Amino acid sequence: MPSTLRTIVTAAAVLSVGAFAAGCGGGASGADSQQDLNLQPIAAQGPDPFTPSTAESTATPAPATPPGTPSGAATALQSLRTVSGSTPGLYGGTQSVASCDVEKQIRFLGGDRAKNRAFADAAGVDPGSVAGFLRGLTPVVLRVDTRVTNHGFRDGAATSFQSVLQAGTAVLVDDHGAPRVRCACGNPLKPPNAHQGDWNNKGKPWPGYRGDRVVVVRPTTVVINNLIIVNVVNNTWIERQSGDDGEHDRRRPDIHLDPVKPPVPEPLTPPTGPSTSPPVTSPPPSPDCATPTPTVTVTETPTPSAPSRQAAPPSAPAPSASGCPTATATVTAPPPSLSPSPPPSPSSSPEPKTSPPDDLPSQPSDVPSGQPSGPDFDIYGPSPESENV
């Protein structure tokens, strides 16, 4: 019996050690763990490429970084910069020249059923829709070092790893401005993960690489019909239709932005409201003040037949000398009838008093509070401007 108990305890201990090793062996699942970051130069295929290169870029743009920035191998992306996929100058290209051969990419994947299926799984499309998906993308080149989730092909399935792609890399972007395929290796791309720990750089950094200059592309919430890109040959502006290979490129001399400057990243913390000014409040009344009694002042509107009479403007409540609040409202009475009233008969008895007109406030709740109202008043302010692409 003791021998059997020892056997059970030993087996349980082995299983516990195995489970602990399996749970911690990945090393990159925790927020504070270290994760590999593949630094991939323009033409490097990287680990486990899906296909041979389909890049057709004829010129390599200079990185769109501010002049005078030092080069180095920054290992941490501490202040990640986000740029909208519709930002002019985020991408570049050569006028009327596609940076990638999309049809060649389709042939490479179509000739290998396992790769086609793995590519579709990583890209989030149906295996039978891969060709249409690729033809709907736009060939451009990156103008800033960009972090992405990359995918390779190994043992019949797609792998995933974090990468920084060098400025000048040929990519295919979708109609939301996000890079979806890296043409040097045929790998599908997705937005990067939210890793917050340290990075283990794999690969040699290129001249000018800085971790704090790497950007993440934020896909737009609306469809982009045209991309505004920089002609990397002469630093002029081009408009390229989404899904077009450059055949219908159009010069845009009307754009006066500096094409050499990098795209402006978005603020890390968006404003919480349309106004940041503190609300204006009145000082609290003295605790010795008595509760004000509402009063009503009635002014008459002049009749049309008496132009010489001027109606006095509504008077504002006079401030109290004691600093206590008052409740006074000014109401304009309707004009008298144009027809003269007959003189009262001497024998007629005086008319009884009547109640005040219905349009005069009779309760404290009817006193105007000064709060704006109506269809044009919105307590939330103007709605944020929609993205114009």
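For the reader, a short list of remarks on this structure follows.
- Virtual paramagnetic centre 7 Å along Cα→Cβ of ARG154, amide N under 17 Å, in the range 100-143: 115, 118-119, 122
- Largest to smallest in accessible area, the residues PHE161, PHE108 fall in the order PHE108, PHE161 (1.4 Å probe, all protein chains included).
- Working note: Karplus 6.51/-1.76/1.60 with θ = phi - 60° gives the range 255-264 the couplings 8, 10, 6, 6, x, 7, 6, x, x, 7 Hz, where Gly and Pro are set to x.
- Reachable lysines from LYS115, criterion Cα separation under 17 angstrom, eight or more residues apart if same chain: LYS104
- Accessible solvent surface per residue of the range 157-202, calculated while the other protein chains remain in place, 1.4 angstrom probe, Å²: 29 Å²
- Under 5 Å from the amide H of ALA44 lies no amide H of any residue 5 or more positions distant or on a separate chain, with H modelled from the backbone and absent for Pro and chain starts.
- Close amide H contacts of VAL181 (hydrogens built in the peptide plane, cut-off under 5 Å, sequence separation of 5 or more or a different chain): LEU172, LEU189.
- From phi via Karplus (6.51, -1.76, 1.60), per-residue ³J(HN,Hα) for the range 192-199 in Hz, x at Gly/Pro: x, 7, 9, 4, 10, x, 7, 10
- Per-residue extension of 0.36 nm, minus the Cα-Cα distance of ALA131 and VAL260, leaves a gain of 43.0 nm for this segment.
- Each part gets one Cα centre, and for the range 173-252 versus the range 115-139 those centres are 18 Å apart.
- Note on ASP36 and ALA194: their simple-model spin labels are 2.5 nm apart, each label 7 Å out from Cα toward Cβ.
- Under 5 Å, built H, 5+ apart or other chain: amide partners of GLY243: THR138
- Across the protein chains, with a 1.4 Å probe defining accessible surface, the residues ILE224, ILE42 rank ILE42, ILE224 from largest area downward.
- Length released on extending from ARG251 to ASP112, taking residue separation times 0.36 nm less the Cα-Cα span: 46.1 nm
- Whole-Hz couplings from phi, Karplus 6.51/-1.76/1.60, listed for the range 200-207; x for Gly and Pro: 10, 5, 10, x, 8, x, 8, x
- Short-range pairs are left out: with C-alpha atoms under 8 Å and at least six residues apart, the relative contact order of the range 133-279 is 22 percent.
The values are calculated or read from the model by the stated rules, or taken from the named source; none is laboratory data. A quick note: this is a predicted structure, and the numbers were derived from the prediction, not measured. Note that we place each Cβ from the backbone using ideal geometry, even for glycine, and neighbour counts take in every protein chain shown. Just the protein is used for accessible areas: all its heavy atoms, side chains included, with ligands, DNA and RNA removed. Shrake-Rupley method; radii C 1.70, N 1.55, O 1.52, S 1.80 Å.
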